[in-house]
Each structure stands twice: as structure tokens, then as C-alpha cells.
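Colleague: Have a look at the structure that comes next, please.
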Amino acid sequence: QVQLMESGGGLVQPGGSLRLSCAASGSIFSTNVMGWYRQVLGKQRELVATLTSGGSTNYADSVKGRFTISRDNAKNTVYLQMNSLKPEDTAVYYCLANIITTKYYRAMDYWGKGTLVTVSS
């Protein structure tokens with residue numbers, strides 16, 4: 001099986017920065033797209049940023065210029081550097097990875113359990 005372990009969430013003041021990490025482990029053959037989504041209570045989960053294994057990125061308009069997604073393919077880890085944080089960035093952030101496992105040899109989406117980011121003074 002595959003596990004995604006997120007870290008780096010917490011409380012930060014407006015204008016501050018946080019760096020989220022998500023490490024995938026388990027029976028991994030290869031990792032395709034990795035990314036971050038976020039969800040506010042009572043609202044739908046929304047895309048924040050994704051990054052393919054080839055290096056193509058996609059960002060939500062609301063975070064462009066403030067957030068940067070990166071990954072370490074050797075470690076199956078994706079990062080989200082969040083700068084100039086705003087109160088409206090407050091949410092639970094979820095990691096997503098599209099992974100081919102050594103058990104099934106077909107791509108499947110895996111989700112982390114989420115990490116809370118709170119932006120408040």
C-alpha cells in the first residue's frame with residue numbers, strides 16, 4: 001500500500017510563510033502528478049497547485065505569485081512554499097499523489113489526511 005504523510009501546517013500571521021511537505025511511501029513503482037488541494041469547512045475541496053513528474057505546474061489563480069510547488073522525485077516528496085499568506089488561505093491542506101504501485105501496476109490517486117493551516121493575527 002501507499003501512505004502520504006503531510007507536515008508543516010500551523011498558525012501563522014498574515015504576510016507570513018509556511019512550507020508544507022508530503023512524503024509518499026510504500027510499494028511505489030513510479031509517481032506521476034503530485035499536488036496540493038485545500039478545503040474550508042462547508043466548502044468543496046479546491047486545487048491549490050500540481051506538479052507533474054516532467055516539471056509542469058498548475059496553480060490556482062488565488063495563489064499565483066505567492067505559492068511555489070516543488071518536488072524531490074528521489075524521495076517521492078512534494079513541497080508547497082507559501083509566502084505572503086492571507087487569512088483566506090486558512091484551510092486544511094491535502095496532498096494528492098498519482099502513483100503506480102508495484103502491486104497493481106496502474107495509476108491510482110492517493111490522498112493524505114490533511115494538515116491545518118491557520119492564518120490569523
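Please treat every number below as a calculation from the coordinates, not as lab data. On a predicted model such as this, the values are computed, not experimentally measured, just so you know. So basically every Cβ, Gly included, is an ideal-geometry build from the backbone, and we count neighbours across all protein chains shown.
Colleague: If you take every DSSP beta bridge fully contained in the chain, what fraction is antiparallel? Give it as a percent rounded to 5.
Modeller: Restricted to the chain, the bridges split so that about 95 percent are antiparallel.
Colleague: Can you compute 3J(HN,Hα) from phi for each residue in the range 66-76, using the Karplus curve 6.51 cos²θ - 1.76 cosθ + 1.60 with θ = phi - 60°, rounded to whole Hz and x for Gly and Pro?
Modeller: So the Karplus estimates, Gly and Pro as x, are 10, 10, 9, 9, 8, 8, 10, 5, 5, 9, 6 Hz.
Colleague: Let me know the Rg and Dmax you get for the chain when you use only its Cα atoms, in Å.
Modeller: Answer for the chain, Rg first and Dmax second: 14.1, 47 Å.
Colleague: Cross-chain or 8 or more residues apart, Cα under 29 Å: how many lysine pairs in the chain fit that? Count them up, please.
Modeller: Number of lysine pairs found: 10.
Colleague: How big is the dipole moment of the chain about its Cα centre under a simple scheme where the beta carbon of each Lys and Arg is +1, that of each Asp and Glu is -1, and everything else is neutral? Debye, nearest 20, please.
Modeller: Computed charge dipole of the chain: roughly 120 debye.
Colleague: Same structure, new question: Based on the mean of other Cβ atoms within 10 Å per residue, sort peptides 30-41, 91-102 so the most packed one is first.
Modeller: Put in order of decreasing packing, that is 91-102, 30-41.
Colleague: Would you work out which of Val63, Gly35, Ser53 lies farthest towards the positive end of the dipole of the chain, given +1 charges on the beta-carbon of Lys and Arg and -1 on that of Asp and Glu, about the Cα centre?
Modeller: About the Cα centre, the residue reaching furthest to the positive side is Ser53.
Colleague: Further question: Can you tell me how much longer the chain between Asp72 and Ser27 gets when fully stretched, taken as 0.36 nm per residue apart minus their C-alpha distance, in nm with one decimal?
Modeller: Contour length minus Cα-Cα distance gives 14.5 nm.
Colleague: Moving to a separate point now. Considering amide H positions built from the backbone, and no H for Pro or chain starts, which residues 5 or more places from Asn32, or on another chain, come under 5 Å of its amide H?
Modeller: The list, which skips near neighbours in sequence, is Asn98, Ile99, Ile100.
Colleague: Test of the criteria: in the range 47-121, which trypsin sites (Lys or Arg not before Pro) are in a DSSP loop and have at most 16 other Cβ atoms within 10 angstrom of their Cβ?
Modeller: Lys64, Arg66, Lys103, Arg106, Lys113
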